[in-house]
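J.: Please find one structure pasted underneath; my questions will follow.
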Amino acid sequence: MTISGKAKLAGVMGWPIGHSRSPRLHGYWLDQYGIDGAYVPLAVPPDRIEQAIRALPALGFRGCNVTVPHKEAAYRTVDRLDATARRMGAVNTIVVGEDGTLEGRNTDGFGFIENLRSGVPGWKASDGPALVIGAGGAARAVVASLLDEGAPRVWLVNRTRARADELAADIGGAIETADWVSRETLLEGATLVVNTTTQGMAGQPPLELDLRALPGSAVVTDIVYTPLMTPLLTAAQARGNRVVDGVGMLLHQARPGFAAWFGREPEVTEGLKAAVLQG
Ligand code: ATR
């Protein structure tokens, strides 16, 4: 699509940025809705992130996404934080206000919950306890959003137990941490299992998790989406569990930013998913 001199501008700041699928994602929506706008990759090194974020209003940008390794720096740089970003200590979406001030939001948890809702119609966080595996940045959004949506309990296990304990202390609420070795025992009472580790990603070994004790009614999801069907999801599906792949979290987390910058609520469709996964 050709853009005019009045095009609405947004983008994604990261370092490196070449692997980001966000330009293709937002570009698909801009095309689909015939919006006069552009969403560009912005390769910003860590020592210039604050300067780059501060420059958004001067450049006339409506805002941007922020990805690895800049989410904490963005949290420290913006003028205002929404409640979720404050809780997370990280910002993935910046919206430039009419007055040129910068609002930091975090939509990763929204993306995670919306992906489950659309993948398993009728699914509710309040259905029962969730087992979350891993305690990195993504786990923080997953755990906080599950609790906010009414999960009665979240069991959190991580190879390095201390990181799980730290996450539980930061987020607060009904989180119980456990040792890595006890993860298979916890499956017995879980209605949802989430892998937030890098295990199962192309080039990495599969997550070691024998699903034998997991109830057949439980839902299994992975935030890894390369490949779409990770060894964990394949094993879960083979024994009859409902599974939700990870790319939907990426697609749904993008919705609030797009709506704020370009003025239209976008839809997550199979066409979008195919376009984002291509190449
Ligand atoms: P992010 O912040 O993007 O989520 P991260 O902080 O690097 O990424 O977290 C990666 C997660 O994968 C962590 O939970 C990590 O466990 P540790 O905290 O013990 O490092 C987990 N992980 C990475 N390699 C792993 C492995 N071989 N076995 C189990 N967990 C692993």
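The values are calculated or read from the model by the stated rules, or taken from the named source; none is laboratory data. All of these numbers come straight from a predicted model, not from anything done at the bench. No Cβ is skipped: glycine too gets one built from the backbone with ideal geometry, and neighbour counts run over all protein chains shown. For the accessible areas, the whole protein counts, side chains as well, though only heavy atoms, and no ligand, DNA or RNA atoms are used. Shrake-Rupley method; radii C 1.70, N 1.55, O 1.52, S 1.80 Å.
J.: Convert each backbone phi in the range 117-131 into a coupling constant with the Karplus relation 6.51 cos²θ - 1.76 cosθ + 1.60 (shift: θ = phi - 60°), then list the ³J(HN,Hα) values in order as whole Hz, x for Gly and Pro.
T.: 4, 7, x, 10, x, x, 5, 9, 4, 6, 4, x, x, 10, 9
J.: Here is a follow-up. Keeping all protein chains in place, calculate the accessible area per residue for the chain (probe 1.4 angstrom), answer in Å².
T.: Averaged over the residues of the chain, the accessible area is 45 Å².
J.: Tell me, what HN-Hα J-couplings in whole Hz come from the Karplus equation 6.51 cos²θ - 1.76 cosθ + 1.60 at θ = phi - 60° for each residue of the range 209-225, using x for Gly and Pro?
T.: Result, rounded to whole Hz: 7, 7, 8, 3, 7, 7, x, x, 7, 6, 9, 10, 9, 9, 8, 6, 10.
J.: I'd like the distance between the alpha-carbon centres of the range 23-54 and the range 227-279, rounded to an integer number of Å.
T.: Cα centres, the range 23-54 to the range 227-279: 19 Å.
J.: Can I ask one more? Counting only protein heavy atoms and a 1.4 Å probe, tell me what percentage of the chain's accessible area is made up of carbon and sulfur.
T.: Carbon plus sulfur share of accessible area: 51 percent.
J.: Now a separate question. Taking a probe of 1.4 angstrom, what is the accessible area of THR101 in Å², to the nearest 10?
T.: 40
J.: What relative contact order, as a whole-number percentage, does the chain give when Cα pairs under 8 Å and 6 or more residues apart are counted?
T.: Relative contact order comes out at 16 percent.
J.: Rounded to the nearest 10 Å², what accessible area does GLU270 have for a 1.4 Å probe in the complete protein model?
T.: That residue has around 140 Å² of solvent-accessible surface.
J.: Taking the DSSP beta bridges in the chain as the whole, what percent of them are antiparallel, to the nearest 5?
T.: Of those bridges, close to 20 percent are antiparallel.
J.: Measuring from a point 7 Å past the Cα of ALA238 along Cα-to-C-beta, which residues in the range 178-214 have an amide N at less than 16 Å?
T.: So the set is 200, 206-214.
J.: Quick check: from the Cα gyration tensor, does the chain come out rounded (a/c under 1.5), prolate or oblate?
T.: Cα axes put the chain in the prolate bin.
J.: Would you please put 201-214, 251-264 in order of how densely packed they are, using the mean number of other Cβ atoms within 10 angstrom per residue and starting with the highest?
T.: The densest-packed peptide leads the list: 251-264, 201-214.
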